[in-house]
Amino acid sequence: MNQIANELARVKGAFAQPTLTLLHQRQAPVIITIFRTAFDRSNKPVPTGRLHTQVEDHLTQMHAAGEEVPAGTGRELCHRWMRGQWLVRSLDETGQEVYTLTSHAQQALELVKSLARDRATLSEHRVATIVSTVRRFNAEANPDRSARVEILTAEIARLQAERDRLIDGAELVDATEDYMADGFTELMSLVSALPSDFARVEERYAQIRAEILTAFRAEDRPAGEVIDEYLARADALMTSTQEGRAFEGAFTLLRDDALVTGLREDLNALLEHPLSDRILGDTDRSELRGTVRLVRDGLERVLAQRSKVTATLKEYIVWRDAARDRELEQTLRQLESEMMTWMATTGPRATHDVPLLPGRAGIEHLRERFYDPADEVLPERISVADTEDAPALSLDDLRAQGGPQIIELRERLDDALGALIPPASMGELFAELDPALRRPVEIFGLLHLAADRGWRAPEDEDSGTETYGAIRRDGTARAFAVPRLALPDPDLEER
């Protein structure tokens, strides 16, 4: 039981991630299409004004084609997507506001892109890739020295035999079209995951920056302690998180010029293969050819974000010290001015005692109450009733006599809003509740929740009434006519 409960908790946590909340939207195809059109594979920042205009133009075209689109202007939708953690707004090097996709949005785009491709099936290439990966992994991680030596010896012998066979003029086995297609599919899947990986590292640095600035503004700790904590967290980011370790690994590899040159040459050789023209389109070829540039751009963005964090903290510290120095200088100048005024009206030997700190204003306390002997009289002893005479009530009986069950009603309301086909009105939602949640008093609970969320019937429309079929505790039914209140569409209404 604990195992299935833990697994359910993990699955719920995954569904709560912004990636799946984006894909779970009823209008997710529209949003994904706009993101794919506005942002390229490298997630190049887009100015805010331009993106607002593009969103409105794309929505107009899709609406003209008969597609249901979200309501609102381009600016309102972008702000809504920022709250959904799919867009982030920042300043570029020139101080201009720009939008970029978060790692969650990039993951959603990559998932849709992978599903749009032809899925790779079980093949010789995939099995061979798994075998070679496991073999290489074992050769690098096996703790037994002799086992590592045996693996390397066998691999050297295999490569030597293949080399000798080709030198002797043996037949060169050409790769089949299926083999090349599987290989290109796996390669593009690996490359397409890089932008979201780099974006996660950028977001971690931005999160650290926000937390450190909050600590500075709180001023409950010395500035040196806050800076030491930032440096420790920045170092730990590269060693204690999966994204940081991946970034460090990529950074180390790209510092090897020979390795980068070899990667570029291998990609060019694969793209010049005779079968590549029939397998890859122009877009796929362009993406593979720009792999090295994609990795370099991702590394530069992460390094720029890290430098931006350090520069921001430095500027904040300098600005804060300078402001305090200016305040002290102004105070000293005021004291000097008052001193000159006093010297102008007194003699050269005049003295005046000045306290080091200003005294506190004293306020006398006035008695508001006088002694009352009645305050000393003990209250009458409480008589204890016989417990046998007390009626036997269960917890359910007590709850049945109380007010509406707000917590349970709120959970049912949230579940209904997140359903694939939500109820059209509060009356339909009430009819779907369990009998224990359909007491007459629960109607007030639902209306209370609707008022808290600002749901009201439009004043210019007569929505009429609808019948709430309530069930009392004793099982009797009672019908109530309540003004009809429609439930908002979670996809069309701003959260």
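The values are calculated or read from the model by the stated rules, or taken from the named source; none is laboratory data. The model shown is predicted, which means the values in this text are computed figures rather than measured ones. Note that each Cβ is placed from the backbone with ideal geometry, even for glycine, and that neighbours are counted across all protein chains shown.
If the requirement is being surrounded by 10 or more Cβ atoms within 10 Å (Cβ to Cβ), touching a strand residue (DSSP E or B) at 6+ places or on another chain (Cβ under 8 Å) and assigned to a helix (DSSP H, G or I), which of these qualifies: Ala181, Ala199? The match here is Ala199. Thr33: exposed (fewer than 13 other Cβ atoms within 10 Å of the Cβ), of a type in the set (Val, Ile, Thr), within 29 Å of Arg296 (Cα to Cα) and without any contact (Cβ under 8 Å) to a residue 60 or more places away in the chain, yes or no? No: the conditions fail for Thr33.
For first residues located in segment 142-169 and within 17 Å of Ser132 (Cβ to Cβ), partners that are surrounded by fewer than 11 Cβ atoms within 10 Å (Cβ to Cβ) and lie 6+ apart or on another chain with Cβ distances below 7 Å do not occur. Take the conditions (1) β-branched (Val, Ile, Thr); (2) more than 26 Å from Asp297 (Cα to Cα); (3) surrounded by 13 or more Cβ atoms within 10 Å (Cβ to Cβ); Val11 misses just one of them, which is (3). Filtering segment 64-71 for residues that are assigned to a helix (DSSP H, G or I), modelled with pLDDT of 85 or more and more than 17 Å from the chain's Cα centre (by Cα) leaves a non-empty set.
Taking segment 187-241 as the range and being within 30 Å of Phe35 (Cα to Cα), at pLDDT 70 or above and polar (S, T, N, Q) as the test, the residues that pass are Ser189, Ser192, Ser196, Gln207.
Looking only at residues in segment 49-83 that are of a type in the set (Val, Ile, Thr) and within 23 Å of Glu110 (Cα to Cα), which one is surrounded by the most Cβ atoms within 10 Å (Cβ to Cβ)?
Of everything passing the filter in segment 49-83, Val55 is surrounded by the most Cβ atoms within 10 Å (Cβ to Cβ).
All conditions in (1) modelled with pLDDT of 75 or more; (2) surrounded by 11 or more Cβ atoms within 10 Å (Cβ to Cβ); (3) more than 29 Å from the chain's Cα centre (by Cα) hold for Val292, with the sole exception of (3).
When segment 36-75 is filtered for residues that are touching a residue at least 60 places away in the same chain (Cβ under 8 Å) and among the hydroxyl-bearing types (Ser, Thr, Tyr), only Ser42 remains.
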